[in-house]
Amino acid sequence: MRRIAPAVRQILSIVVPVQMTSSPAWDEGPLPLEHGVRRADRSTRQTYFARPAARVLYGQPERPCRWHRFFDVSQGPVTAHGAELLRTPLSDDPHRALAVLHLSVDDGGADGLHDVTRSLARRHAAPTTPLVGALDLEHLLAGQARVTGSGPLYTVALLTPGRAELPDLYSRAHRRTWSTTDQWLWALASRTNADDYPPDPESTPDLVGDMLRLSADWTALALRDGAAFVGRRRDLGAADPFFGYAELHVRTVYLDAFLLGIIQRSHIDQLTEHLSGVFDDTGLASRVTAMEQRIAQFRSTYWRQHLTHHGPANDLLLAYQNQHRLPARFAEILTEATDYARLVQSQENQQISGALGILTIVGLPLGTALAVQQVLDDTNPWHLLLYVAAALVVTGAILTTRYGRLVLDSLRGRQKDR
């Protein structure tokens with residue numbers, strides 16, 4: 001295998017969709033990690049995020065939604081350090097959850113992490129996936145959840161260079177517009193190499209449009225299926241004053257920002273599916289009302305674009321949302337739901353007008369006939385029947401007019417909607 005420049009940190013977190021039928025027998029809360037004097041457990045992370053986002057990510061004491069388990073399992077150069085389960089139910093999938101597997105790669109070369117990300121994406125000629133044998137995900141979850149997807153839903157990678165700088169991955173034509181750091185960010189976040197997807201040199205600035213220059217030390221890039229953090233200077237390892245905390249943030253609060261984006265995406269997918277079937281059956285008014293309730297619940301519970309007063313987590317969430325067009329898709333959902341509500345309101349107004357029209361068509365002739373009888377002081381019951389019959393004849397005649405047909409059509413529409 002071709003060996004590239006040594007790397008100090010090759011960190012990878014994998015998000016996989018799973019099904020949970022009961023609360024796992026693991027410790028509650030997210031995986032508590034620490035570096036130096038800083039410990040990122042549930043209590044400290046809750047202070048980092050705004051309260052609505054913290055409830056979605058960490059639950060509440062009486063209603064936990066997240067559990068974790070530590071272990072140390074290796075398969076070749078890949079080691080799994082722990083796993084998390086985050087319950088993310090949907091109205092039509094109450095057992096839905098996300099499993100997060102925390103890995104590290106230790107083979108001495110920066111290409112090791114790149115190969116693992118490509119294998120997880122099942123790229124052509126990529127190495128065999130590391131999630132086999134001792135790292136089989138079903139085995140690591142220990143029966144607490146069942147894997148439902150064929151591969152990872154999202155990956156978050158961190159790569160820091162060692163004594164030697166990271167080499168270029170793409171051709172000389174790319175280097176004019178693509179720095180070495182940008183190339184590694186794209187490769188790790190997209191989980192591709194030059195053979196999987198040879199990018200056009202002219203389009204490379206657009207490919208990294210959501211890049212976040214977090215500081216002079218490192219840069220981040222969030223794409224549709226993965227995110228990457230790459231160091232811009234040499235990592236001194238355990239003695240480094242910065243990258244230890246950087247790794248802690250990537251494995252905790254920055255990962256949580258992406259988890260919230262994944263949850264938002266799943267709910268928007270479900271709302272879109274429900275809207276597409278709004279005309280599939282009768283009862284439009286009740287379905288639109290239920291749809292409006294789902295949108296309101298999603299908006300108050302899950303739809304957040306501001307997570308925290310700390311900038312990077314917000315920026316990472318916005319980058320993920322932008323990649324999946326979540327703001328635009330949710331705006332389309334709101335517009336479509338408003339149109340359906342307006343349609344239902346128009347139908348209801350039409351039905352009310354039809355009911356009033358029927359009352360007028362039936363009531364006016366009958367009321368007139370009874371008034372005539374009262375004026376004439378006619379108490380003969382046969383005459384009363386005659387007046388009623390005459391009123392019915394007049395009503396039938398009115399129903400044959402254009403106005404009468406409109407009233408009947410509106411009532412037919414009401415019956416169909418029911």
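The values are calculated or read from the model by the stated rules, or taken from the named source; none is laboratory data. Small disclaimer: the values here were computed from a predicted structure and weren't measured. Cβ: placed from backbone, ideal geometry, glycine included. Neighbour counts: every protein chain shown. Keep in mind that these areas ignore ligands, DNA and RNA; they rest on the heavy atoms of the full protein, side chains included. Shrake-Rupley method; radii C 1.70, N 1.55, O 1.52, S 1.80 Å.
Miscellaneous remarks
- The set of residues in segment 150-183 that are under 30 Å from Ala97 (Cβ atoms) and not aliphatic (A, V, I, L, M) comprises Ser150, Gly151, Pro152, Tyr154, Thr155.
- Check on Ser266, open to solvent by 10 Å² or more (accessible area, probe 1.4 Å), within 23 Å of Leu101 (Cα to Cα) and not acidic (Asp, Glu): yes
- Arg175 passes every criterion in (1) free of Cβ contacts under 8 Å to residues at least 12 places away in the same chain; (2) in contact with a helix residue (DSSP H, G or I) (Cβ under 7 Å, 6 or more places away or on another chain); (3) among the basic types (Lys, Arg) apart from (2).
- Matching strands (runs of 3 or more DSSP E) fully within segment 1-94 where at least 2 residues are in contact (Cβ under 8 Å) with a residue 24 or more places away in the chain and crowded, with 18+ Cβ neighbours inside 10 Å: 7-19, 66-75, 78-87
- The C-beta contact set for segment 127-140 (first residue under 26 Å from Asp196 (Cα atoms), second residue assigned to a loop (DSSP other than H, G, I, E, B) and open to solvent by 60 Å² or more (accessible area, probe 1.4 Å), distance under 7 angstrom, 6+ apart or interchain) comprises Pro130/Gly76.
- Residue match in segment 251-259 (condition: surrounded by fewer than 21 Cβ atoms within 10 Å (Cβ to Cβ) and in contact (Cβ under 8 Å) with a residue 12 or more places away in the chain): no
- Every listed requirement among (1) open to solvent by less than 50 Å² (accessible area, probe 1.4 Å); (2) under 18 Å from Leu57 (Cα atoms) is met by Gln323 save one, (2).
- Residue, surrounded by the fewest Cβ atoms within 10 Å (Cβ to Cβ), within segment 96-123, restricted to residues that are assigned to a loop (DSSP other than H, G, I, E, B) and of a type in the set (Lys, Arg): Arg122
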